1. Provide, for q = 0.12 Å⁻¹, the log10 of I(q)/I(0) from a solvent-free Debye sum over equal Cα point scatterers in the chain.
2. For region 170-208, list residues with backbone N below 19 Å from a point placed 7 Å from the Cα of residue 126 toward its Cβ?
3. Which percent of the Cα-Cα distances in region 72-124 go past 16 Å?
4. In whole percent, what relative contact order does the chain give with Cα contacts below 8 Å and a gap of six or more residues?
5. Over the Cα atoms of region 168-310, what is the Rg over Rh ratio if Rh follows Kirkwood?
6. Among 175, 65, which comes first, second and so on when ranked by fewest other beta-carbon atoms within 10 Å?
7. Please give the contour-minus-distance gain from residue 100 to residue 2: 0.36 nm per residue of separation, less the Cα-Cα distance, rounded to one decimal in nm.
8. Kindly work out what percent of the DSSP beta bridges joining two residues of the chain are antiparallel, to the nearest 5.
């Protein structure tokens, strides 16, 4: 199977490429926003998703497109909302209009916003950011296509040996702060997040790629309160102390989700647990494998505020 992975050089793409490269003919298309090079032994094409003339012949040559390319995160997407919708939504409209074969698309559970109860794919949406709103628009463009849309939980962990680690995700940054500052600052703490190891995204995609299903599916491992995540980290790093402060008003997301629909349709469930992700980040930071954990490249928002994208 010929598979085009658009945005495949990033944090999520690392594990996906590793899962698929030995079984399929994989091509990675990426603009390397956060990277200086791409070193995996697969076909690579440097390009922007707005370069339509580059993408059209690739659509013809491939049986499936895994579309990862996006501006990701509430803060990163708030910097330039018009650009966010151009990249996250309008590029997907172009995909839907010009590629009629298999599509795997990554959306976000952030579309649920702040709601009580266990949310499934039929629950109402309540976007609280440009990021969530742009993903909802993209989902709309894909609704009549042969696509599986994964609404991802909050990611954590390490994807592969090459891709940039993200240290702006709640688990990853709290482990880092516990080691470097010996304290974890928790804003609020009672808000819920559906956690998902980054490589369970890859495992889910591999599972559904050739199955006869389509539509929207939540994808997560387990729902956690932020304070419970912090306490799990302190179990690993007893020298760290938890400090709680009032929740930042900018991030009022609070939701729990169910991924039962995906399990019933495919038998797949995310299995990589929180402890595994904590250990991965611990080993990375504790063994000084990152020169400067505060470098802007490890945060989507900080990097884009400093260097921008046009």
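Values quoted throughout were computed directly from the atomic coordinates according to the rules given, and no laboratory measurement underlies them. As the structure is a computational prediction, the values presented were derived from the model and not from experiment. Every residue, glycine among them, receives a Cβ derived from its backbone with ideal geometry; neighbour counts consider all protein chains shown.
1. -0.78
2. Correct set: 188-195.
3. Details: 791 of 1378 pairs.
Value for region 72-124 (Cα pairs over 16 Å): 57 percent.
4. Across the chain, relative contact order equals 21 percent.
5. That ratio is 1.01, to two decimals.
6. Least to most surrounded, the residues fall as 65, 175.
7. 33.8 nm
8. That works out to approximately 10 percent antiparallel.
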